[in-house]
Structure formats: structure tokens, C-alpha cells
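A quick write-up on the structure given underneath.
Laboratory data are not the source of any read-out in this text; all were calculated from the coordinates shown. Source: prediction; values computed, not measured. Methodologically, a virtual Cβ is constructed for each residue, glycine included, from the backbone with ideal geometry; neighbour enumeration extends over all protein chains shown.
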Amino acid sequence: MWQPEPGWQRLPGGTSPSAYGVWLAREGERDVVVKRLLAPVEGDPPEISDWRSAAWWEREPQVALHGLVTATPGLRGPRMLRVEEDDEGITMVQERVDETDNPGLFVARALGRFAGSTPPDEPWLARGQLRERLSRVERRGGWQTLARTTMADVADHLWRQRGRHLDALDAAPQVLQHGDPTPENLRGRVGDDVVAIDWSSLGTGAVGHDLGLWALASREAFEPLLAAYVDGLADAELALVAAAGARITVVYTALSRLDWALRRVAEGEGALAGKYSHPSVAPYVHSMQRQAAQIEALLS
């Protein structure tokens, strides 16, 4: 059975069902990061075995083996040293990325530059990520916990309109996207490019999709982020459709995350409204409140 070597330092990350862990190790004179993925076994979610799903467990190793993001503009991956497969899973060893405090607008422009590059011709790139995620929410009964809050009417309206908004994403220009642009994943820099890790969701999607996800994590407001993203795209004609793609993504993601957070504490003692300040809920409430203007725009 595969085990980390003595002396390796466990790092945060690796939250997917197939992720066994991530470690900082030393090889010769350099620091490396070792990521271990476990092959699916009986009882695992079926989507991690499906190359058409955004959750497919082998996507990140395939990205590394094909060298898809070694020199892409805007975002690029760290240097991959080796990918080793065995009966139980896959081990990836890459150079350590020196952490940099990348400003939010710098990242937004980098995401736009990345979206402006030509997507690789690979059938297993992730597609329709928001549609897939909302399908999982639908199988759980929708935003049932939000229906118990003062946002019930807003949430109900947006939930009933989700098909129309998802169709708009499908009809928009499909561009290259990282799929999980968080500060933890966009931590390095080389010149004008961001060095990103965790390429397990690499794929194509509506222009603006990555920006919508980044807007949930960035300190900057939506409009300046959008302006930086469009500047990176270098195609002013896509400004309106990028704004729509980002807005749909940020609103439906923020509300889905808030419903998930509330669902986890809803059955405890006390009224639901008294749990908005719970440490595991408050960040998602704040995130939703920051996007009030985008929610209002979708409602109108």
C-alpha cells in the first residue's frame, strides 16, 4: 500500500473523494509537492469514474501528462516532474510553487487572458460545470433550507429560472477555464502569468464563468473585476456576455453554497435565523450579501 515517506510535511488541500493527500517533500536540492490520488472503489460517487464529469478523478494527471497548461497565457501550471500510476491510484510530483499575494484585479485579468487562448482538443476536458453542480443540488431537493429563510421568494424565483440561465451559459462563447479559481489554487506568479495548481476541473465553459467563481473569493467588487477580465480577453465585444456569464455563475454558486452551509446546522437546537452568525455559515452569508447587486440584476 502506498504511504508518504517519513519526514514529508502534510499540506492543506486534497478535498475531492479521490484525493488521499498532499505533501511537501525534499528531493535533492529542491522542494517538491507530492499529490496522491486514489482510484475509485465500490461505493464512491459514480461521477468520479466518468470522464464526462467535472469530478473525474484522472483529469489532473491527464492534464500533466499532456502538458496542456505548461505555457498557456494568463494561467499556467507548475512544472510537473513525474506522474506515476499503480493499481491503487496515481502519484503526481511537481515543483513547489512559491506563494505570492496576487491582487484580485491581477488575477481577474489573468483569467481573461487564459480564457482568450485556444482550448486544447481533448474530449475529457470538463464541460457544463454549473449545470452538473445544480443537478446534484436538484437531486437533494433544491434549495430547501433557503426556502425557510427571508430569502425564500428570491431563491424560489431563481431556482425556477435556472434552466433559462443555464441555457444562456451553454449558448455563450465557450472558452478555456480553470474551473476552481480560488486564492489557494492561484498562488504563484511568473511575470504577468499566475501559476495555478489543482487542474482537476480544467475545461471549457461560458465566457465569464471563471470570473464568477473568482468574484466569490476576491476582495474587489464585481464591476472592477469584470473590467479587468474583459481587458485580459482583449475583446470588448464579449463584455456583455462575459458579464452575464459571471453574474449567473456567482449568483447560483453563492446561493448553493449558502443553502449547503445552512443545511448542515439546520437540525440543531434553536431557530434557523439564529444560526446565520454560526462560524460555518457566516462566511457564506457574507459572500451572498456581497453579490446582492448581481442577484437583483438576475431578478430583473
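Once you list every other residue whose beta carbon is under 11 Å from the beta carbon of Ser256, what net charge do they have if Lys and Arg are +1 and Asp and Glu are -1? Write out the running numbers ahead of the final one.
Working: positive: Arg133, Arg136, Arg140, Arg162, Arg257, Arg263; negative: Glu138, Asp259.
Local charge sum for Ser256: +4.
Roughly speaking, what is the stretch gain from Arg263 to Ala292, that is 0.36 nm per residue apart minus the C-alpha to C-alpha distance, in nm to one decimal?
Numbers: separation 29, 0.36 × 29 = 10.44 nm, distance 2.12 nm.
Separation in residues times 0.36 nm, less the Cα-Cα distance, equals 8.3 nm.
If you take the charge dipole of the range 183-272 about its Cα centre, with +1 on Lys and Arg Cβ and -1 on Asp and Glu Cβ, which of Thr253, Trp199, Leu233 is farthest toward its positive end?
In the range 183-272, that residue is Thr253.
Just flag the GluC sites (Glu not before Pro) in the range 244-300 sitting in loop per DSSP whose Cβ has no more than 16 other Cβ atoms within 10 Å.
Those that pass, being in a loop and sparsely packed, are Glu267, Glu269.
Determine, for each peptide in 81-87, 168-174, the mean count of other beta carbons within 10 angstrom over its residues, then list the peptides with the highest first.
Working: 81-87: 12.1, 168-174: 16.4.
Per-residue Cβ counts within 10 Å, averaged per peptide and sorted highest first, yield 168-174, 81-87.
For an R0 of 51 angstrom, estimate the FRET efficiency from the Cβ-Cβ distance between Arg219 and Ser135 and round to the nearest 0.05.
0.95
Want the number for Ser277 to Asp192: 0.36 nm per residue separation, take away the alpha-carbon distance, what's left?
Between Ser277 and Asp192, full extension yields 26.7 nm more.
Pairs of Cα atoms under 8 Å, at least six residues apart: use those to get the relative contact order of the range 18-69, whole percent.
On the way: 51 pairs, mean separation 12.8, N = 52.
Value for the range 18-69: 25 percent.
Does the range 251-300 come out rounded, prolate or oblate, given a ≥ b ≥ c as the square roots of the eigenvalues of its C-alpha gyration tensor, rounded meaning a/c under 1.5 and, failing that, prolate meaning a/b above b/c?
Since a/c reaches 1.5 and a/b is larger than b/c, the shape of the range 251-300 is classed as prolate.
With every atom except the alpha carbons ignored, what do you get for Rg and Dmax of the range 159-300, in angstroms?
16.3, 53
So what's Rg/Rh here for the range 34-135, counting alpha carbon atoms and using the Kirkwood radius for Rh?
My calculation of the ratio gives 0.99.
For a bin width of 20 Å, list the pair-distance distribution of the chain built from all Cα-Cα distances, rounded to whole %.
32, 58, 10
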